[in-house]
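Here the structure comes first, spelled out in structure tokens, and everything after it is commentary.
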Amino acid sequence: MDKYRTLCMILILKVCCSYFCCFLQMGEVCADAVTLNLLREARETVRSSPLGVINTPMIPWCQTTLPMSGSIHIKLENMQRTGSFKIRGVANQFSRRPKGGCFVTMSAGNYGKSFAYALKHYGSKGKVVMPETAPESRAILIQSFGVEVERVPTSSVMSVVNRCVQEDNMTFLHSYDDLDLIAGHARFS
């Protein structure tokens with residue numbers, strides 16, 4: 001059963017990665033780069049992360065009030081400290097970056113929260129560039145971790161990130177197009 005679950009997780013990640021590559025025109029990460037060994041390494045990294053990533057429970061769909069039949073389970077990642085599965089990817093991503101660095105990312109929410117949480121935990125500095133269409137409450141929450149937020153028009157997000165990298169010597173951590181992040185998002189036993 002574990003081998004089956006592992007193969008299913010790899011297939012799901014490869015499909016998701018292929019989707020993003022095709023529709024978001026990503027260039028860095030390729031679905032073929034997601035390997036079983038990469039996922040195993042990420043699993044161990046996330047398990048031992050000082051960020052407090054927890055092994056969240058799965059419940060059968062039938063325990064909800066939502067109508068659906070079949071053998072479907074829901075993974076309760078909302079129980080993570082940051083409220084989403086994004087902390088898994090961030091734990092793996094940060095483990096492979098220099099400690100004490102100065103980082104910049106772009107996010108409208110959940111990745112930004114996990115990024116800010118990790119920065120505070122590691123004592124690093126950073127900035128989240130957010131589209132001005134993102135909820136103000138997300139910006140306030142990210143700022144509560146001591147992380148700077150710069151809200152800009154959606155069309156300017158990437159140019160502001162590039163400015164931070166070039167002018168402020170910040171290291172860019174991508175919020176979706178990063179192999180360490182993708183591998184960390186996976187969860188299998």
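Distant-in-sequence amide contacts of Lys125, defined by a placed amide H-H separation under 5 Å and a gap of 5 or more residues or a different chain, comprise Phe103. The alpha-carbon of Lys120 sits under 17 angstrom from the alpha-carbons of these aspartates and glutamates, leaving out residues fewer than 8 places away in its chain: Glu148.
Computed from backbone phi with θ = phi - 60° and the Karplus coefficients 6.51, -1.76 and 1.60, the 3J(HN,Hα) list for the range 107-115 is 6, 9, x, 4, 5, x, 5, 5, 4 Hz; x is used for glycine and proline.
With 28 Å as the limit on Cα-Cα distance, the pairs of Lys75/Lys99; Lys75/Lys113; Lys75/Lys127 that go past it are Lys75/Lys99; Lys75/Lys127. The fewest-to-most ranking of His185, His73, His174 by surrounding Cβ atoms within 10 Å reads His73, His174, His185.
Over all other residues within a Cβ to Cβ distance under 12 Å of Val149, the charged ones net out to 0, with Lys and Arg as +1 and Asp and Glu as -1. Classify the range 98-172 as rounded, prolate or oblate, taking a ≥ b ≥ c as the square roots of the eigenvalues of its Cα gyration tensor: rounded when a/c is under 1.5, otherwise prolate if a/b is larger than b/c and oblate if not. It is oblate, given that a/c is not under 1.5 and a/b is not larger than b/c.
Bear in mind that the values in this text are calculations on the coordinates, not laboratory data. All of these numbers come straight from a predicted model, not from anything done at the bench. Reconstructed Cβ throughout: ideal geometry from the backbone, glycine too, with neighbour counts over all protein chains shown.
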